[in-house]
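Student: I have a structure I would like to understand better, so I am pasting it below and will then ask my questions one at a time.
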Amino acid sequence: MKILIINPGSTSTKLAVYNNYAPIWMSGAHHSIHELSQFQHTMEQYDYRMNFIRRRLADGDMPIAFDAVIARGGLLKPLPGGVYQVNEQMKKDLREATMDHACNLGGLLADEIAQECGCPAFIADPVVVDEMQEVARYTGIPGIRRKSVFHALNSKAVSRQYAASINKSYESLRLIVAHMGGGISVSAHDCGKVIDVNNALDGEGPFSTERAGTLPAGQLVDLCFSGDYSIKQIKKMIHGGGGLMAYTGNNDMISIARMAEEGEEPERTALDAMLYTIAKQIGAMHVTLGGREDAIILTGGIAHSEYCMDRLRRQIDFLAPVVLMPGENEIDSLAFNAIGVLTGKLKLQTYE
């Protein structure tokens, strides 16, 4: 069975073709701020991303003939984990999603390709997987509740991979997983359920390459009502133009880490500050698990940086064993989910 995998990230699009469980082709690219700045809303990137996918498939001599297309899930309503077939209700909800992120394009892009070659389109473990404990939903304002929005696919995949490496089940472990990419989510996994996690998309937790993270509420309110900024400009500060992008004018972690290592400013101080906020969030999840976590897993693209990991580990290695699992296992996990559904090993769920 031939599977096309589409993984749109905030600043990248990653592609792969699998023959059963074996990858036979992989491609993708980082999209520069210059390229993406022409779009005011992520949904406007649809044609840009689709044209990119078609060019890469053509360049790789990959005909559009697949048994399934599976994509990273979007910001839908809260869902249990699992595999869902793309349907009209899902497409409507993706187009009208109140939270803006490139993952909302995944199911739509997959559906267009799938319709062309007459195969099903799926998503799996979308970012809105919600297993949070009730006490974690409280904010201090009754009308505002915390939401579970995080890198569910990779966070659960690396957790299961780590559990298998020590001959245990994911459901028997307590883990803290810090996924560090264009967004950063730090999740507390308690025996197979993510009982608490920062909303990595909507201004909570550590700041990242282009997201502001948690902000002082009073100062944010003052900024909103200053009359100097529109709501669109404020939201851009929080998601897309915040974090390292705001401090350095750059969202490319490879170059930022290189400049920081060479002592260049403001890259060095801004990056060290970002790592400090990640360490603080890991500390919060340590408390959530009662200090009984079996391991702290560092994953995502930023985990490839020795500079970043050396500094982060110094701040957290007294809490629990630190396990480095760099990169994103999302491509492998998506392929596993698609094959599982096609072979009947996994149940296909219906989005309603």
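Student: So, in Å, what gap is there between the alpha-carbon centers of the range 202-254 and the range 294-352?
Tutor: Between the Cα centres of the range 202-254 and the range 294-352 lies a distance of 26 Å.
Student: Taking the mean number of other Cβ atoms within 10 Å as a proxy for protection, how do you rank 108-121, 12-25, 70-83 from highest to lowest? Walk me through the intermediate numbers first.
Tutor: On the way: 108-121: 19.4, 12-25: 16.5, 70-83: 21.5.
Highest mean packing first, the order is 70-83, 108-121, 12-25.
Student: Could you give the accessible area per residue of the chain, probe 1.4 Å, as a whole number in Å²? Don't skip to the end; give the middle numbers.
Tutor: Details: 15620 Å² over 352 residues.
Per residue, the chain has 44 Å² of solvent-accessible surface.
Student: Evaluate the distance, in nm, between pseudo-label points positioned 7 Å from the Cα of C191 and of K2 along their respective Cα→Cβ axes.
Tutor: With each label point 7 Å from Cα toward Cβ, the separation is 4.6 nm.
Student: Given Cβ point charges of +1 (Lys, Arg) and -1 (Asp, Glu) and nothing else, what value in debye, to the nearest 20, does the dipole of the range 78-203 about its Cα centre take? Working shown, then result.
Tutor: Numbers: 12 positive and 15 negative charges, 90 e Å.
The calculation lands at about 440 debye.
Student: Got a sec? Charge dipole of the range 113-157, +1 on Cβ for Lys and Arg, -1 for Asp and Glu; which of H151, P126, Y138 is way out at the positive end?
Tutor: Among H151, P126, Y138, the one farthest towards the positive end of the dipole of the range 113-157 is Y138.
Student: With the alpha-carbon atoms as the only input, what is the per residue convex hull volume for the range 256-307 in Å³?
Tutor: Details: hull volume 3.8 nm³, N = 52.
Cα convex hull per residue, to the nearest whole number: 74 Å³.
Student: Can you give me the % of accessible surface on the range 32-90 that is carbon or sulfur? Probe 1.4 Å, all protein chains present, nothing else counted.
Tutor: Numbers: 1430 of 2880 Å².
In the range 32-90, the share of accessible area belonging to carbon and sulfur is 50 percent.
Student: Across the chain, how large is the tail of the calculated P(r) beyond 36 Å, expressed as a percent of all Cα pairs? Before the final figure, lay out each step's value.
Tutor: Working: 10909 of 61776 pairs.
For the chain, the fraction of Cα-Cα distances above 36 Å is 18 percent.
Student: Measure up K235/K280; K14/K232; K147/K168 against 26 Å on the Cα-Cα distance and list the ones that go over.
Tutor: Working: K235/K280 24 Å; K14/K232 28 Å; K147/K168 30 Å.
Too far apart for the 26 Å limit: K14/K232; K147/K168.
Student: Once phi is turned into ³J(HN,Hα) by the Karplus curve 6.51 cos²θ - 1.76 cosθ + 1.60 with θ = phi - 60°, what whole-Hz value does each residue of the range 91-101 show in order, with x for glycine and proline?
Tutor: 4, 4, 5, 5, 5, 9, 4, 6, 9, 9, 7
Student: Obtain the radius of gyration and the Kirkwood radius of the range 47-111 from its C-alpha atoms and give Rg over Rh.
Tutor: Values: Rg = 13.1 Å, Rh = 13.0 Å.
Rg/Rh for the range 47-111 comes to 1.00.
Student: Now a separate question. Which of N329, G344, I256 sits farthest toward the positive end of the charge dipole of the range 243-352, with +1 on the Cβ of Lys and Arg and -1 on the Cβ of Asp and Glu?
Tutor: Selected residue: G344.
Student: Rounded to the nearest 10 Å², what accessible area does H304 show when all protein chains are kept and the probe is 1.4 Å?
Tutor: Approximately 120 Å² of H304 is accessible to the 1.4 Å probe.
Student: For the chain, what is the calculated [θ] at 222 nm in deg cm²/dmol (nearest 500), taking -39500 (n - 2.57) for each run of four or more DSSP H residues and dividing by its residue count?
Tutor: Values: 12 runs with 129 residues, N = 352.
Helix-only estimate at 222 nm: -11000 deg cm²/dmol.
Student: For a protection proxy built on the mean count of beta-carbon atoms within 10 angstrom, sort 151-163, 221-233, 286-298, 340-352 highest first, please.
Tutor: On the way: 151-163: 24.2, 221-233: 10.2, 286-298: 17.6, 340-352: 13.7.
The packing order, highest mean first, is 151-163, 286-298, 340-352, 221-233.
Student: Same structure, new question: Taking H as built 1.01 Å from N, whose amide H comes closer than 5 Å to the amide H of G213, not counting residues under 5 places away?
Tutor: Placed amide hydrogens put G203, E204, S208 under 5 Å from G213.
Student: Using the Karplus curve 6.51 cos²θ - 1.76 cosθ + 1.60 with θ = phi - 60°, what ³J(HN,Hα) values do you get for each residue of the range 154-159, in whole Hz, with x for Gly and Pro?
Tutor: These are the phi-based 3J(HN,Hα) values: 6, 4, 6, 5, 5, 5 Hz.
Student: Shifting gears a bit: Run the numbers for E96 and D228: contour at 0.36 nm per residue of separation, minus the present Cα-Cα distance, in nm.
Tutor: Details: separation 132, 0.36 × 132 = 47.52 nm, distance 2.79 nm.
Taking 0.36 nm per residue and subtracting the Cα distance, the gain is 44.7 nm.
Student: Apply the Debye scattering formula to the range 1-133, with a single equal point scatterer on each alpha-carbon and no solvent, then give log10 I(q)/I(0) at q = 0.13, 0.15, 0.16, 0.19 Å⁻¹.
Tutor: -0.52, -0.69, -0.78, -1.09
Student: Can I ask one more? For a quick protection proxy, order the peptides 242-251, 130-139 by their average other-Cβ count within 10 Å, most packed first. Intermediate values should be presented prior to the final figure.
Tutor: Values: 242-251: 20.2, 130-139: 13.7.
My ranking of the peptides, most packed first, is 242-251, 130-139.
Student: Grab the eigenvalues of the alpha-carbon gyration tensor for the range 115-270, scale each by 5, take roots, and send me the semi-axes largest first in whole angstrom. Walk me through the numbers before you get to the answer.
Tutor: Working: eigenvalues 180, 98, 67 Å².
One finds semi-axes of 30, 22, 18 Å for the range 115-270.
Student: Just how far, in whole angstrom, is the range 60-100 from the range 1-42 if you go by their alpha carbon centroids?
Tutor: Here the two parts' Cα centres lie 14 Å apart.
Student: Further question on the same structure: Using amide H atoms built in the peptide plane, which far-off residues or other-chain residues are under 5 Å from V323 H to H?
Tutor: Residues meeting the criterion, in which the H sits 1.01 Å from N, are I296, I297, L298.
Student: Give me, ordered by chain and number, the residues 5 or more places off Y351 or on other chains with an amide H under 5 Å from its own placed amide H.
Tutor: Amide H neighbours of Y351, under 5 Å, 5+ apart: Q85.
Student: Could you give me the ³J(HN,Hα) list for the range 244-252, computed from phi with Karplus coefficients 6.51, -1.76, 1.60 and θ = phi - 60°, whole Hz, x at Gly and Pro?
Tutor: Values, residue by residue: 4, 4, 5, 7, 10, x, 9, 10, 8 Hz.
Student: Next question, about the same structure. Relative contact order of the range 112-212: what whole-number percent is it, with Cα pairs under 8 angstrom and at least 6 residues apart? Present the calculation step by step, with values, prior to reporting the outcome.
Tutor: Numbers: 163 pairs, mean separation 23.6, N = 101.
So the answer I get is 23 percent.
The values are calculated or read from the model by the stated rules, or taken from the named source; none is laboratory data. These numbers come from a predicted model, not from an experiment. Heads up, the Cβs are rebuilt from the backbone with ideal geometry, glycines too, and the neighbour counts pull from every protein chain shown. Side chains are part of the model used for accessible areas, which takes the heavy atoms of the whole protein and leaves out ligands, DNA and RNA. Shrake-Rupley method; radii C 1.70, N 1.55, O 1.52, S 1.80 Å.
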